[in-house]
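Below: one structure, written as structure tokens.
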Amino acid sequence: MPTNVTIEYQLAEKGYLEAKTPEEKVRALEKMLATVPSHKSAENLRANLTQRLSKLKRQQEKEKRQKTGRHQISVKKEGAAQIVIIGKTNSGKSTLMRKLTNAKPMTSEFPFTTKLPQIGIMDYNGIKLQIVEIPALVENFMQSEKGPLFLGIIRQADLVVFLLRNNPEDEFKILINELNKANIKINQEKTESEYDFFIYLNGMIVINNENNNLHINNFNIANINDKDLNKKIWKCLGLIYVYTKTSGKKPDFPPIALKNRSTLKDLAMHIHKDFIKKFKYAKVWGKSAKFEKGQIVGLSHLLEESDVVEFRLK
């Protein structure tokens, strides 16, 4: 045990040693983490506690799936990216789903209308993005019947959209707290000591009321009625789209989605690995080109959104 531990930590540790159920052990470990000393000599202890807590929660989740057969329900990722919408009861998730996609989920003023994930496709300039509406998150979501299943879907997402309505600040705190309990970090930098224990995801906030005064550090905030809402969602994904073309013809449609700061080599690999072997040069038009009539570039050329690329192969 490190020196100078608090009484609260000692009591939490005593509770862990006396715990008889996995739930009691989880609660005790969470208290130990919350009260562990902050000085540098306790870093190894914090890392050890985090590892034990993460392992215990994964074990609980696995056991629950085995008992109830929840593993039979899954959402296969489709399109260029997967976006999940989360929110409290009656936050308007189904309404947002209809605005963004071709899906027609059931809506109601009664709570918990959506009992299973709803799936739709959002089209952004020809790029297909999968939108998944997660049933309402409640406090202690991990311990709810289908909580581990739905949290598993969230873990595989490329973007988490927090939909807030009645009390945005309070609702956000509840949602982010439930994700933290499940070892899901949103818009946070990865740390070496915790990298193996947490899932790091991008997130944004959408407000479903007229009040846009909310400010949360590191979060982009939009309104459900914004005309360019799909564009704001796209920007938060950290993607760009580029067009390819054949000599003498118009750019191909749909464009290709790539990560920000992708190079011509990334695009070539996306199309086919032979493009690297047979590459001679490429011509690029758009924001990344120095000349209006196009620029001859190599594989290290950095692409920008809406660029048009024409490959020349050997």
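Since every read-out is calculated from the coordinates, none of them should be taken as a lab result. It should be emphasised that the depicted structure is a prediction, and the values quoted were computed from it without experimental measurement. Cβ coordinates were reconstructed from backbone atoms using ideal geometry, including for glycine residues, and neighbour counts include every protein chain displayed.
For a Förster distance of 51 Å, can you work out the FRET efficiency between the beta-carbons of residue 306 and residue 8, rounded to the nearest 0.05? Provide the component values of the computation, followed by the final result.
Details: r = 55 Å, r/R0 = 1.09.
The calculated FRET efficiency here is 0.40.
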- Does the chain come out rounded, prolate or oblate by the C-alpha gyration tensor, with a ≥ b ≥ c the root eigenvalues, rounded set by a/c under 1.5 and, if not, prolate when a/b is larger than b/c and oblate if not? prolate
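Work out, step by step, the length gained on full extension between residue 270 and residue 231: first 0.36 nm times the residue separation, then minus their alpha carbon distance; give nm to one decimal.
Numbers: separation 39, 0.36 × 39 = 14.04 nm, distance 2.33 nm.
Here the segment from residue 270 to residue 231 would lengthen by 11.7 nm.
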- Taking a ≥ b ≥ c as the square roots of the Cα gyration tensor eigenvalues, with a/c under 1.5 meaning rounded and otherwise prolate when a/b beats b/c or oblate if not, the range 184-306 comes out oblate
- Note on the structure: GNM on the chain, Cα springs under 10 Å; top mean-square fluctuation among 152, 203, 87 goes to 152
- Task: Pop a pseudo-label 7 angstrom from the Cα along the beta-carbon direction at both residue 116 and residue 287 and give the gap in nm to one decimal.
- Result: 4.0 nm
- Message: Checking the table 57/265; 115/231; 93/249; 181/259 against a 31 Å threshold on Cα-Cα, which pairs fail?
- Response: 57/265; 93/249
- Task: Please give the helix 7-18 orientation as an angle from the longest Cα principal axis of the chain, in degrees from 0 to 90, rounded to the nearest 10.
- Result: 90 degrees
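Under the rule a/c < 1.5 gives rounded, and otherwise a/b versus b/c splits prolate from oblate, where does the range 240-313 land using the Cα gyration tensor?
Working: a/c = 1.21, a/b = 1.10, b/c = 1.10.
Taking the square roots of the gyration eigenvalues as a ≥ b ≥ c, the range 240-313 is rounded.
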- Given H placed 1.01 Å from N in the peptide plane, which residues other than close sequence neighbours of residue 124 have an amide H under 5 Å from its amide H? 129
- Under 20 Å Cα to Cα from residue 235, which aspartates and glutamates show up? Leave out anything in the same chain fewer than 8 places away. 78, 123, 133, 158, 189, 226, 266, 304, 305, 307
- Step through the residues of the range 278-284 one at a time and calculate ³J(HN,Hα) from phi using the Karplus curve (6.51 cos²θ - 1.76 cosθ + 1.60, θ = phi - 60°), rounding each to whole Hz and writing x for Gly and Pro. 9, 5, 10, 6, 9, 10, 10
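Per-residue ellipticity at 222 nm for the chain, helices alone: DSSP H runs ≥ 4 residues times -39500 (n - 2.57), over residue total, nearest 500 deg cm²/dmol? Walk me through the intermediate numbers first.
Numbers: 9 runs with 103 residues, N = 314.
About -10000 deg cm²/dmol.
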- Along the dipole axis of the chain (charges at Cβ: +1 for Lys and Arg, -1 for Asp and Glu; origin at the Cα centre), the most positive-end residue among 154, 222, 264 is 264
- Task: Go through the range 223-229 residue by residue and turn each phi into a ³J(HN,Hα) via Karplus (6.51, -1.76, 1.60, θ = phi - 60°); whole Hz please, and just put x for glycine and proline.
- Result: 10, 4, 9, 4, 5, 9, 4
- Item | ³J(HN,Hα), Karplus 6.51/-1.76/1.60, whole Hz, each residue of the range 137-152, x for Gly, Pro | 7, 10, 5, 6, 4, 4, 8, 6, 4, 9, x, x, 4, 5, 5, x
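Evaluate the charge dipole of the chain about its Cα centre and quote only its size in Debye, nearest 20, assuming +1 on the Cβ of each Lys and Arg and -1 on the Cβ of each Asp and Glu. Can you show the working numbers first?
Details: 52 positive and 35 negative charges, 296 e Å.
Charge dipole of the chain: 1420 debye, to the nearest 20.
Using the Cβ atoms and a cut-off under 12 Å, what net charge is assigned to the surroundings of residue 280, where Lys and Arg are +1 and Asp and Glu are -1?
Numbers: positive: 277, 278, 283, 312, 314; negative: 310.
Local net charge: +4.
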- Can you list residues whose amide H is under 5 Å from residue 90's amide H, if they're 5+ apart or on another chain and H is modeled 1.01 Å from N? 112
